[in-house]
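Structure first, commentary second.
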Amino acid sequence: MSVLAACCDAAVVREGLHLMRRERLVSGAVLIGLFAPTALLFSLRAHFAATGQLGPELFAPNEPQLWLAITGTAFLLLRGSALLLLATERNRNALVSLAQRDSLTGALNRTGLERSLDRLAAEAVGRPHSIALLLIDIDHFKQLNDTHGHAAGDHILRLFAEAARGELRASDVLARQGGDEFVVVLPHLTAAEAIGVANRIRAAFGRALAGWGEATVQPTLSNGIGQGDAARDPLDTVLQQADEALYRSERLGRNRVELLSTAVAS
């Protein structure tokens, strides 16, 4: 039983490490702090049992496991509170995530985008690095809605978001700016590298559309790119550059990637 309990506690410690890394939960550290000692205590108790040092009485005053029993009991009482804290923190994070995400596409909404930009700006203080922004508009989206209905439009938005996420890194940010316009934030990338990302997203979106049966209106992507230094340039300024580049892309025929000074046609 002690070996089984030690293995279970070790599994909880392992999960706590994953929660700290994956979800950045403070309660994950508390979980580790309370379950790691009991995993050790149960391992020692298993050792005493295997060597014949474990008597029938739990609190026998002259047995070596007395301090293990007392310490283990204290940790067991605290672990319930740790699990409650973990559940509370995860629920809070889930609510925050829901408040910052677009329910249709799963991308960040404007609030989530603003918080992500603020966090990137704060992380860049004293550590200058390049940052690129993609402003992406789905071409002919209004015509698509008028022809096939809003359900088809919603489907295209979800297709785009899924295709874009497949081409982005974990550190990149995808947000829905509004309607059929999306923002992609690319930390540590130059404009030249962002061009490659934009073209990969366009290609992935095209492949996703290949399985869509309703082809009367074929949506494409217009892209505008802005670039700056995350520590020096206000991100609103970089976003404005991307907006001007997107306007140029639409004016020159759509379905293309544009910088203010460089054009990359489809």
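The values are calculated or read from the model by the stated rules, or taken from the named source; none is laboratory data. Just so it is clear, the structure is predicted and the values come from calculations on it, not from any experiment. Ideal geometry is used to build each Cβ from the backbone, glycine not excepted, and the neighbour counts take in all protein chains shown.
Here are some notes:
- Where a residue in the stretch 1-26 is surrounded by 15 or more Cβ atoms within 10 Å (Cβ to Cβ) and its partner, wherever it lies, is not in a helix (DSSP H, G or I), with Cβ under 7 Å and at least six apart: 19/25
- Residues that are of a type in the set (Gly, Ala, Ser) and assigned to a loop (DSSP other than H, G, I, E, B), drawn from the stretch 182-238: 211, 213, 215, 230, 231
- Verdict on residue 156 being modelled with pLDDT of 95 or more and buried (at least 20 other Cβ atoms within 10 Å of the Cβ): no
- For the stretch 219-266, residues that are in contact with a Gly (Cβ under 6 Å, 6 or more places away or on another chain), charged (D, E, K, R) and modelled with pLDDT under 90 total 0.
- Some residue of the stretch 216-226 being farther than 23 Å from residue 116 by Cβ, among the hydrophobic types (A, V, I, L, M, F, W, C) and touching a residue at least 24 places away in the same chain (Cβ under 8 Å): yes
- Count of the stretch 125-177 residues, restricted to those that are in a loop (DSSP other than H, G, I, E, B), within 18 Å of residue 209 (Cβ to Cβ) and among the acidic types (Asp, Glu), is 2.
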